[in-house]
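Structure record follows, encoded as structure tokens.
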Amino acid sequence: MEDFTSKTLLRIIQGDITEQNTEAIVNAANSELLGGGGVDGAIHRAGGPQILEECKLIRVQQGKCNTGNAVITGGGRLKSKYVIHAVGPIWFGGLRGEDDLLRSAYINSLSLAKEHGIHSISFPSISTGAYRFPVKRASLIALRTVNEFVSLYPGFKEVRFVLFSESDYKVYENSWLEIRTK
Ligand code: AR6
């Protein structure tokens, strides 16, 4: 699905984030920044050891990455020049600030991209895998946050959401239709 939100092309697709050609892709990382399963594992496998080396350097320089925050490395062997490692919240039922933390993960990723002059970026569905955040609720937060960010900052040519499963793709597509008709 393709649409415009302000001047930014919004694309919602089903696919593998490691194969995207946007200038940056976002990783659903954890605070340790040293790899893991899911998107994290796939990005480190496809991008090669350089990404982990840069993550280790960040650990030495600034320590762990708090939940809701993000850091940036190069893309190693990926098509993307950059990987933005965002740490989403673990879902504990919704009363521990999970919504705000997820929103922060998206805002901080977009802010880092803006600081680095990045014009195109792909997001996975942060926190909805191993971290068990409900996907419908996460999709509304993700899409609303991007929508608001690009309405204030016109520098992104494209923001892409890359959903692994068809069911997640449909959830995101429906959420966007709900948001844009409001
Ligand atoms: N491309 C796009 N989406 C993918 C891919 C891929 N290659 N692989 C999985 N997904 P998760 P989280 C989807 O668990 O919930 C890791 O171990 C997946 O189907 O990757 O934020 C980290 O190290 C799901 O919809 O991220 C952390 O410890 C979504 O990406 C922890 O998991 C997110 O699932 C983070 O958990």
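The values are calculated or read from the model by the stated rules, or taken from the named source; none is laboratory data. Since the structure is predicted, the reported quantities are computational estimates derived from the model, not experimental observations. Cβ: placed from backbone, ideal geometry, glycine included. Neighbour counts: every protein chain shown. Heads up: the accessible areas ignore ligands, DNA and RNA and are worked out on the full protein's heavy atoms, side chains in. Shrake-Rupley method; radii C 1.70, N 1.55, O 1.52, S 1.80 Å.
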For the range 17-117, which trypsin sites (Lys or Arg not before Pro) pass both filters: DSSP loop (anything but H, G, I, E, B) and at most 16 other C-beta atoms within 10 Å?
64, 77, 79, 81, 96
For residue 90, what accessible area in Å² do you get when you roll a 1.4 Å probe over the heavy atoms of the protein chains, rounding to the nearest 10?
70
Which entries of 79/114; 7/79; 7/81; 56/81; 64/157 show an alpha-carbon separation above 21 angstrom in the structure shown?
7/79; 7/81; 64/157
Largest-first ellipsoid semi-axes for the range 45-136, taking √(5λ) over the Cα gyration tensor eigenvalues, angstrom
23, 15, 13
Count neighbours as other Cβ atoms within 10 Å of each site's Cβ, and list the chymotrypsin sites (Phe, Trp or Tyr not before Pro) in the range 47-121 that are DSSP loop with at most 14 such neighbours.
92
Accessible surface, 1.4 Å probe, highest first, among residues 119, 44
119, 44
Could you grab the relative contact order for the range 1-121? Cα pairs under 8 Å, six or more apart, rounded to a whole percent.
28
Can you show me the helix-derived [θ] at 222 nm for the chain, built from DSSP H runs with n ≥ 4 at -39,500 (n - 2.57) apiece and divided by the number of residues, rounded to the nearest 500.
-13500 deg cm²/dmol
Around residue 72, with a cut-off of 12 angstrom between Cβ atoms, what is the net charge of the other residues, counting Lys and Arg +1 and Asp and Glu -1?
-1
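Residue 154: net charge of surrounding residues, Cβ under 12 Å, Lys/Arg +1, Asp/Glu -1, itself excluded?
Within the 12 Å Cβ shell, the charges total +3.
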Neighbour net charge for residue 42 - beta-carbon separation under 11 angstrom, K R +1, D E -1:
-2
Of the options 143, 161, 172, report the single residue whose Cα projects farthest towards the positive end of the charge dipole of the chain (beta-carbon charges: Lys, Arg +1; Asp, Glu -1).
143
How many angstrom lie between the Cα centre of the range 1-56 and the Cα centre of the range 68-94?
7
When the C-alpha atoms of the chain are aligned to their principal axes, what extent does each axis show, in angstrom, from largest down?
46, 35, 30
